[in-house]
Each structure stands twice: as C-alpha cells, then as structure tokens.
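Structure, as structure tokens:
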Amino acid sequence: MGDEKRPLVLRKNFGQYGSVVENGHGTDGLNVRRPVYQLEDLNRDTEYETPHTTFTEKCGKKIKEIRPLSCVLNSIPVLKWLPRYSCRKNFLGDLISGITVAIMHIPQGMAYGLLGSVPPVVGIYMAFFPVLIYFLFGTSRHVSIGTFAIVCLMTGKVVNQYSSIEILQNGTVVTTPSPNLELPLYTNVEVATTVTFTVAMIQLMMYSLRLGVVSTLLSETLVNGFTCASAFHVVSSQLKDLFGLPIKKRRGNFGFPLTIYDSVMALPNANRYACAISAVACVLLILNNELFKPMLAKRTRIPFPIELVAVVLGTTASYFLNLDSEYGISVVGHIPTGFPTATPPAFSLIPTVFVDSFVITMVSYTVTMSMALIFARKLMYEVDSNQELLALGFSNTMGSFFACMPVTASLSRSMIQQAVGGVTQIASIVSCSILLVILLWIGPLFESLPRCVLASIIVVALKGMLFQCQSIVKYWKLSKWDALVWIVTFSTTLFIQIGYGLAAGVAVSLLSVFIQGYKPYTCLLGVVPNTDLYLDIKRYKKAQEIPGIKIFRYSGGLSFASRAAFKDLLSRKIGFEPTSLLRKRTRLEESASRSVSDDYDDLLTRCIILDFSALTFVDPSGVDQLRQLQSDYAKLDIALYIAACSGPVYEKFVICDQEEGIESKFMIFPTIHDAVLFAQMTEENECELDGMFRMLAPVLDLSRVAGVDRVGFEHMWWDHMMGNSSENN
C-alpha cells in the first residue's frame, strides 16, 4: 500500500467528503457529523497531555495533607466516637449485648482453650485482655474479638508440634520428647504465647507497610474450602474427649486421617459414660438450635444460652456424682483465680513458628475483616482495613504477655452482638466486666466440668462449617476454576496439613487468575447496519462483517507472557498466519514454479483493525509484537490499524518509540468507526490509483522514461494531492 504514513495527509480533506456517522432511521435517529480522526490528531486538537507529578511534588502534597490531630484520632478511633456516644439511645442495647456475649464467652472460651491445647481458662483470658485493647484501636463497632475455632485449632497444631512440657489442670507436669532435639523444652502456654506475639509482629509490620489489602488474596471460595476442611480437623481433635478414647495426639502431616484411624481402632475401649453424656449434650444443643431457637427468635432477639446451661448442668452433675473418680470421665480440673502473671513469650522460638504464625495471621485477619465489612455495609459506616491490622496487632501483643492465643472475630458471637441491639464496642466493655468477675471469683466453680461437654459444644457449633462441603455444587455450576480452588484447598487442608492447605489454595487461585488472563476473551466484530455499533458476530446475528476488513477485539493485557497467545488468537480469528504465508511465498519465489501474485489474489482481507478498548496494559514486548505483526501484514499488502486504546496504552507506544529511536508506524484511531471509514476511503483511493496507473503506464511508458514503478507512481500521486491541498488552503 506504499508508505504507511502518507494516508495521514488524506485525513485533512475528510471533512469535504462529508464523512457521517448516522444512528437510527429518519428524523428519530441521532445524526453526528465530524471529521474522521486519527488518535494523534485528536490528541493534538484536544491538547492531550500526559499527567505527570514529580517525586518532590508528591512528597510535598503528602506533607501538606498531614494533620497531627487527625492522625491521632485515626490511630485511636475511640477518641473520635466516644465523645459523641449517646447513653440514652445506645447504652441499653450495648448493655444487653454485652451480657449476652459474656454468657457465650464462658463456654466457648473454655472449649476453644482446650482446642488450642492450652488450659481452658486461657479462653477466658482471650475474651478479656485483647478485647480491652481492641476497644481503643478498632474501627468495627460490632465484631466480637476473642476465641475462634479455626484459629485456636491452628494454634493447637503448632503447640502440639513444638511443646514438650504440658502442665495438666491438677498440677501434674508431663514431659514428651521434643521433635527437634536442638530446641529447648517449652510448655504448651509458652508456645501458644510465642505464636501470639509473632502474629502480632506480622500484623504490625503489615500495618506499617499499609498491606491491609492483602486479605483479598484469600477469595470467598478459598476461605470456604479452608474453613470447611478445618472444621473436620476440629471435630477429629475432639473425638478423644467426646468418646473418652485413650489415643495420643498426632503431630505433623496427615494428622486427620491418622487421627480417624486411631479413633476407630480405639472405639472398643471408649468410655461408655462419656459417650452417653456427649450424646445427651449434643441432642440438647441440636434441638435448641433447630427447633427452640427459631421459635424464640420470633419473640425476642436475645438467644437462649443453651451452651451455658449445658456447662452448668454438666458441672453440677459431675460435682455431685463424682464422674471423674467414679466413672473415669476427664474433667477440666484446676482453674486459677485472678490475673495471670505477665510473662514474655519465648523469643528464641519465633523463627521456628514464623511460617505457621504467618498462616494464622492471614486467616485471623481475613475472618475479622470479612465480619467487619459485613456489618459496615449493613449499617452504613466505614471500617479501615489498615487500622484493623493495628488494632489486632496491639491486641495480640497484649495477649502474648498474658497467656493468650491469637484472637480474631467470632462469627457466631459477632452476629449475636449485633442482633440483640449492640451499637458500639461499649458492649465489649460490659462483657469484659462480667468476665472479670469470672476470672476473680467464679472460675473455680467449673473445675468439675466434664471435657466431653465442652467437646459437644464445639462439635455442634461447627455444624454450619461442616455443611459448607455442599458449596462445591454451587461453585461447580458457577465456575470450574472456583470449584478447582475449593477442591484443592479442601483436600490439601484436610488430608495433609492446615498450613499447606492455605498455601495450596492461594497458589491455585493465582494460577487460575494467570491462566484466565493468559487466554482472554477475543472475537471478531461486525457492524450493525445503519449504525456505528460494532458487536461480536457470533453473539449478535444481525451484525455484519465489513468486506475486506477484519475487526479483532482483544480483552486483557499484552505482555511478554501473553504475546505468543495474542498472535495465535489473532491468526485463528483472521483465518491465516502471516509468517506462514510469507514463508510459502519465499519458497514459491525460489522454485519459480508459478506466479507469486496468484497465491494472494484471493486473499480478501485488506485491513485488520485491533479493537483495544478492553486492553488493560501493554509492555515493551507487547509493543514489539505489534510492530512485527504490522511489518508482516504490510508485506502481504494488508494494513494494520489500532482503535480505541486507552491513554496509558497510547503513551506506552510513544515511550517505546522514543526510547528505541523508531519512527512510529502505528495508525491509531479513537474509535473503531474512525478506523473503518479511513480504511474504506483508503481502499477507494487505492483502487483509483491502481486504475490510473494501469491506464497511464502504457501511454506514458513511465517505467522506461522516468524509472517510475507502481510505488513511485503512488508517491507522485500523494505529492500531487498535497500540492492541491496546499493551494486550497
């Protein structure tokens, strides 16, 4: 087609041809008349300018935005909302909510303390010390901070792996060989508090780096599969207490299947009295949750404290019937009164538990943020993801010095705290006040509580998570990739180890994003008659392809990783691959078996338009790929145009050309319609030029007299057109 840049001259005269974009029919439609633009001309006419801010200007802007008082209020949110707190409107709801949540904290805290392989009273500590800190620094008004089954289980796995000294409730010290002979001997509480401190340091580091958005790496599908598999781990860990089985805790990989195997083998030696108590407790809890709770919800928002009732009944029966000594049922044992002594964690153990702590950090933060965002959207207020990291980091730092495991938001308690009328974190202060009484005076009353009752509470509470396995059907219907993420996460977590399951889920999620981006949506576009609308011809049957023009839409990014896929997809849609045709032409020229032009007379495509309206980004490798394609198509006498690219993509083209010292040959148009009109006008002029050359060449004998071939004649024609244009101007 001659010099690729010469048609630019023709655009200046398009206005006189009356190029029109018409939508609709008759007077009811919208008629638009304007010149056909190339993007560089449109940019010049509209004074396009790349946004640019120097580093100094950015720093100056940030410094000007600093407001010391605002920083303090944002870092300690309680100073912002507490002065505006209305006791008359909100205190009654917070009081009822705090009492209700405190009642739930007692059985859950003791049960989940056992789940973490630490004394049950640790669960009460977790509902007191960290909650006071979260009250000061948290931004969510309704989450209930404290124990959470999955996080406690994950901490318990680390405790079982690295602790060698277990202090039983009756004061007995049990020592087991350390899995790593190079490590000193640690108690179960020391390992747990070290994990808590490490989690706190990771959270504070993430806050400093403003990494609150990192929780988005854990998709809903991944979290669903992970929590479902973790719930099965929780159940398996409670089989020993649930049935009174004489089995040991399994360490390391494949803990779930090995625990199930040990439990099945030990069933003949199960304590039948523990089985009976567990059955009664489970039946009562299930009946309340499935029958009485829905009926009661119609009359009052305050739920019936069935877990606390089960704890009180179990404790009373055990105390009067001597279930421990008479029937061999394991009980909670000694519960100390007062506050624990502030003790620093085992800092030398931090490098050993860092990886496990990082996994616990991700899970606890994701769960907390999920619950916080649910309430924020429902009740129309804002939560700060980075501030939540600071609040959790300080809360866990406090907890690590007072025998606490890592804390997070509880799904069940948070829902209850909001449902019964809680408005602010004042409800947490009310809850802490009640738990303070438990810690100082009432705790020892629960020393005779059977552990099988706590195991029953844990198992029944996990019913919803266990039934999440049904979600695979929904995910399979919605997206096969989501289903794959769920299956890999669930299987790895369940059968290998919890930490590996989360890592495998994140890896598969990122892989699915990469693969789906590697093969993006592409299609050929056709025009809707009498409009400037260009639609997918496979989906819109009335959209018609324009003869001689192929319009290729590409969605996604064009980079070093996707350049080969882009070329392959383009060739498939267009119907031929340019380099293959060029190689074939070379072979034919060498063999001289036939006229080369005969192979290309039936190649109907004369122009390819790349619709880049959905192109998200392009890198230098992608630009180089486009240059190569343009060169190959030009050798086949096919024009390659780019349409509707975004400003950043256009700027990348310009930067690559400038840095490499290459004169840009890309013809870029602001819309597809501009590119189509330009291609049609160029084709008409090409036909006119070809006809004039064929008519004048024999008469003037141009090739003999002036050494002018077809391309030289075209240059003369464009020069003639430029001269006429200048005279007219």
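One residue alone among 304, 292 is in contact with a Leu (Cβ under 8 Å, 6 or more places away or on another chain) and surrounded by fewer than 17 Cβ atoms within 10 Å (Cβ to Cβ), and that residue is 304. Output yes when any residue across segment 417-436 is outside any helix (DSSP H, G or I), open to solvent by 20 Å² or more (accessible area, probe 1.4 Å) and aliphatic (A, V, I, L, M), and no when none is. Yes - at least one qualifying residue is present in segment 417-436.
A Cβ distance below 6 Å, combined with a sequence gap of six or more or placement on separate chains, defines the contacts here; from segment 604-621, residues that are open to solvent by 30 Å² or more (accessible area, probe 1.4 Å) reach residues that are modelled with pLDDT under 95 and in a strand (DSSP E or B) in the pairs 616/557; 617/557.
Counting only residues that are open to solvent by less than 60 Å² (accessible area, probe 1.4 Å), touching a helix residue (DSSP H, G or I) at 6+ places or on another chain (Cβ under 7 Å) and not in a strand (DSSP E or B), segment 506-565 holds 11 of them.
Listed here are the residues, each with its yes/no results for (1) in contact with a strand residue (DSSP E or B) (Cβ under 9 Å, 6 or more places away or on another chain); (2) among the aromatic types (Phe, Trp, Tyr); (3) surrounded by 13 or more Cβ atoms within 10 Å (Cβ to Cβ); (4) not in a helix (DSSP H, G or I).
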| residue | (1), (2), (3), (4) |
| --- | --- |
| 43 | no, no, yes, no |
| 91 | no, yes, yes, no |
| 104 | no, no, yes, no |
| 108 | yes, no, yes, no |
| 113 | no, no, yes, no |
| 119 | yes, no, yes, yes |
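Of all residues in segment 47-65, those that are free of Cβ contacts under 8 Å to residues at least 12 places away in the same chain have Cβ atoms under 9 Å from Cβ atoms of residues that are open to solvent by 90 Å² or more (accessible area, probe 1.4 Å), 6 or more apart or on another chain, in 53/61.
Among the residues of segment 388-408, are any part of a helix (DSSP H, G or I), among the charged types (D, E, K, R) and over 24 Å from the mean Cα position of the chain (by Cα)? No - not one qualifying residue is present in segment 388-408. In this structure, is residue 323 crowded, with 17+ Cβ neighbours inside 10 Å, farther than 21 Å from residue 99 by Cβ, aliphatic (A, V, I, L, M) and out of contact with any His (no Cβ under 7 Å at 6 or more places or on another chain)? Answer is yes for this residue. Condition test on residue 195, is it under 20 Å from residue 341 (Cβ atoms), part of a helix (DSSP H, G or I) and either at pLDDT below 90 or in contact with a Gly (Cβ under 7 Å, 6 or more places away or on another chain) (or both)? Here the answer is no, as residue 195 does not meet what is asked. Put simply, of 394, 339 the only residue that is among the hydrophobic types (A, V, I, L, M, F, W, C), under 26 Å from residue 132 (Cα atoms) and at pLDDT 95 or above is 394.
Being at pLDDT 90 or above and open to solvent by less than 50 Å² (accessible area, probe 1.4 Å) is a property that holds for residue 669. Considering segment 51-71, the residues that are open to solvent by 70 Å² or more (accessible area, probe 1.4 Å) and assigned to a loop (DSSP other than H, G, I, E, B) include one that is modelled with the highest pLDDT, namely 51. Scanning segment 396-441 for residues that are free of Cβ contacts under 8 Å to residues at least 40 places away in the same chain and farther than 30 Å from residue 205 by Cα yields a count of 1. Condition check for residue 373 on (1) under 19 Å from the mean Cα position of the chain (by Cα); (2) buried (at least 19 other Cβ atoms within 10 Å of the Cβ): one failure, at (2). Cβ separations smaller than 6 Å between residues 6+ apart or across chains give the following pairs from segment 209-221 residues that are part of a loop (DSSP other than H, G, I, E, B) to residues that are of a type outside the set (Lys, Arg) and open to solvent by less than 20 Å² (accessible area, probe 1.4 Å): 218/366; 219/509. For segment 298-347, a residue qualifies if it is assigned to a loop (DSSP other than H, G, I, E, B) and either over 45 Å from the mean Cα position of the chain (by Cα) or over 30 Å from residue 402 (Cα atoms) (or both), and the qualifying residues are 298, 299, 300, 301, 302, 303, 304, 322, 328, 329.
Can you name every residue in segment 624-652 that is touching a residue at least 40 places away in the same chain (Cβ under 8 Å), open to solvent by less than 40 Å² (accessible area, probe 1.4 Å), part of a helix (DSSP H, G or I) and of a type in the set (A, V, I, L, M, F, W, C)? Within segment 624-652, 626, 629 qualify. All told, residue 263 meets the bar of being open to solvent by less than 80 Å² (accessible area, probe 1.4 Å), in contact with a Phe, Trp or Tyr (Cβ under 9 Å, 6 or more places away or on another chain), without any contact (Cβ under 8 Å) to a residue 40 or more places away in the chain and among the small types (Gly, Ala, Ser). Restricting to segment 566-577, name every residue that is farther than 24 Å from residue 681 by Cα and either buried (at least 18 other Cβ atoms within 10 Å of the Cβ) or hydrophobic (A, V, I, L, M, F, W, C) (or both). The answer is 566, 567, 569, 570, 576. Scanning segment 582-598 for residues that are within 22 Å of residue 630 (Cα to Cα) and at pLDDT below 50 yields 596, 597. Exactly one residue out of 355, 359, 363 is open to solvent by 60 Å² or more (accessible area, probe 1.4 Å), under 21 Å from residue 153 (Cβ atoms), assigned to a helix (DSSP H, G or I) and of a type outside the set (Phe, Trp, Tyr), and it is 355. Only a single criterion out of (1) modelled with pLDDT of 90 or more; (2) touching a helix residue (DSSP H, G or I) at 6+ places or on another chain (Cβ under 7 Å); (3) surrounded by fewer than 14 Cβ atoms within 10 Å (Cβ to Cβ) is not satisfied by residue 655, namely (2). Restricting the first member to segment 557-584 and to residues that are within 15 Å of residue 612 (Cβ to Cβ) and touching a residue at least 24 places away in the same chain (Cβ under 8 Å), and the second to residues that are hydroxyl-bearing (Ser, Thr, Tyr) and not in a helix (DSSP H, G or I), the beta-carbon pairs closer than 6 Å and six or more apart or on different chains are 557/616; 569/522.
Residue 185 fulfils the conditions (1) at pLDDT 95 or above; (2) not in a helix (DSSP H, G or I) except for a single criterion, (1). Could you tell me whether any residue of segment 452-470 is of a type outside the set (A, V, I, L, M, F, W, C) and under 19 Å from the mean Cα position of the chain (by Cα)? Scanning segment 452-470 turns up no residue that is of a type outside the set (A, V, I, L, M, F, W, C) and under 19 Å from the mean Cα position of the chain (by Cα). As a summary of the residue check, residue 321 satisfies the conditions (1) without any contact (Cβ under 8 Å) to a residue 12 or more places away in the chain; (2) within 19 Å of residue 457 (Cβ to Cβ); (3) touching a helix residue (DSSP H, G or I) at 6+ places or on another chain (Cβ under 9 Å) except for the one numbered (2). For the subset of segment 377-416 comprising residues that are open to solvent by less than 10 Å² (accessible area, probe 1.4 Å) and among the aliphatic types (A, V, I, L, M), which member is farthest from residue 100 (Cα to Cα)? The selected residue is 389.
The values are calculated or read from the model by the stated rules, or taken from the named source; none is laboratory data. Keep in mind that what you see is a predicted model, and the values were worked out from it rather than measured. Because the Cβ atoms are built from the backbone with ideal geometry, glycine has one as well, and the counts that use them run over all protein chains shown. Heads up: the accessible areas ignore ligands, DNA and RNA and are worked out on the full protein's heavy atoms, side chains in. Shrake-Rupley method; radii C 1.70, N 1.55, O 1.52, S 1.80 Å.
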